[in-house]
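Asker: Can you keep this structure in mind? I'll have questions shortly.
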Amino acid sequence: MHKVTQDLKQNLHGKICVLGIGNRLKGDDAAGPELIDRLAGRGALHCIDAGVVPENYLEKVVKLQPDTIVLVDAMDFGGAAGACRLFPSDQVAGGGLSSHALSLQMACDYLRQRVAARIFVLGIQPAQLKMNSPLNAAVKAAVENLAAALGVRA
């Protein structure tokens with residue numbers, strides 16, 4: 001978690017928009033929306049819960065004219081459950097890292113064309129994606145740690 005906290009501090013500047021992506025009904029896939037729940041109303045972050053359709057919220061992000069955009073999603077990048085990594089948006093294109101890979105790629109491409117912002121994807125390694133399951137303990141701890149790290153930005 002220390003590495004991703006450092007990466008966030010180094011890369012998140014100016015007006016920041018955090019877009020949480022995921023299905024609240026599929027276990028750890030809810031990590032993105034759960035992070036948004038914890039961040040909403042804290043600090044100067046613009047937080048949007050995009051659920052499973054991030055493309056439906058892109059114009060709202062564009063209208064904010066942020067300096068930095070972070071898309072948060074459960075991603076299988078081969079880490080331990082609850083591990084977190086910050087990816088530049090160009091590493092997502094065609095990478096197939098996420099259960100929403102096509103949507104993430106489209107979202108990043110669209111945002112790059114519409115707004116002059118630095119764009120990142122914050123991946124949280126899921127343990128399970130079972131329907132009607134709660135967050136795995138390690139993923140829940142990661143979400144809480146990320147909320148604490150991001151929430152201190154005012």
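Asker: Just give me the residues in segment 96-121 being assigned to a loop (DSSP other than H, G, I, E, B), crowded, with 16+ Cβ neighbours inside 10 Å and either modelled with pLDDT under 80 or among the acidic types (Asp, Glu) (or both), in sequence order.
Answerer: Within segment 96-121, Leu97, Ser99, His100 meet the criteria.
Asker: Taking segment 113-153 on its own, how many of its residues are of a type in the set (Lys, Arg) and touching a Cys at 6+ places or on another chain (Cβ under 6 Å)?
Answerer: Final tally of qualifying residues: 0.
Asker: Looking at segment 62-69, can you tell me whether even one residue there is at pLDDT below 90, under 22 Å from Val143 (Cα atoms) and aliphatic (A, V, I, L, M)?
Answerer: No: segment 62-69 contains no residue that is at pLDDT below 90, under 22 Å from Val143 (Cα atoms) and aliphatic (A, V, I, L, M).
Asker: Based on what the data block shows, is Val52 among the aliphatic types (A, V, I, L, M), farther than 20 Å from Gln113 by Cα, touching a residue at least 60 places away in the same chain (Cβ under 8 Å) and surrounded by 16 or more Cβ atoms within 10 Å (Cβ to Cβ)?
Answerer: No.
Asker: Taking the condition of being part of a loop (DSSP other than H, G, I, E, B) and farther than 19 Å from Gln125 by Cβ, how many residues in segment 53-88 meet it?
Answerer: Qualifying residue count for the region: 4.
Asker: So, of the residues in segment 39-61 that are at pLDDT below 95 and of a type in the set (D, E, K, R), which turns out to be nearest to Lys9 (Cα to Cα)?
Answerer: So, considering only residues that are at pLDDT below 95 and of a type in the set (D, E, K, R), the one nearest to Lys9 (Cα to Cα) is Arg42.
Asker: Can you tell me which residue is nearest to Lys140 (Cα to Cα) among those in segment 1-36 that are of a type in the set (A, V, I, L, M, F, W, C) and part of a strand (DSSP E or B)?
Answerer: Within segment 1-36, the subset of a type in the set (A, V, I, L, M, F, W, C) is 1, 4, 8, 12, 16-19, 21, 25, 30-31, 35-36.
If we keep only those that are part of a strand (DSSP E or B) as well, we get 16-19, 21.
Details: Ile16: 23, Cys17: 22, Val18: 18, Leu19: 18, Ile21: 15 Å.
Checked segment 1-36; the qualifying residue nearest to Lys140 (Cα to Cα) is Ile21.
Asker: If I filter segment 19-26 for residues that are buried (at least 22 other Cβ atoms within 10 Å of the Cβ), touching a Cys at 6+ places or on another chain (Cβ under 9 Å) and in contact (Cβ under 8 Å) with a residue 24 or more places away in the chain, do I get at least one hit?
Answerer: Checked segment 19-26: at least one residue is buried (at least 22 other Cβ atoms within 10 Å of the Cβ), touching a Cys at 6+ places or on another chain (Cβ under 9 Å) and in contact (Cβ under 8 Å) with a residue 24 or more places away in the chain.
The values are calculated or read from the model by the stated rules, or taken from the named source; none is laboratory data. Predicted model, so just to flag it, every value in this text is computed and none were measured. Glycine gets a Cβ as well: all are built from the backbone with ideal geometry, and neighbour counts include every protein chain shown.
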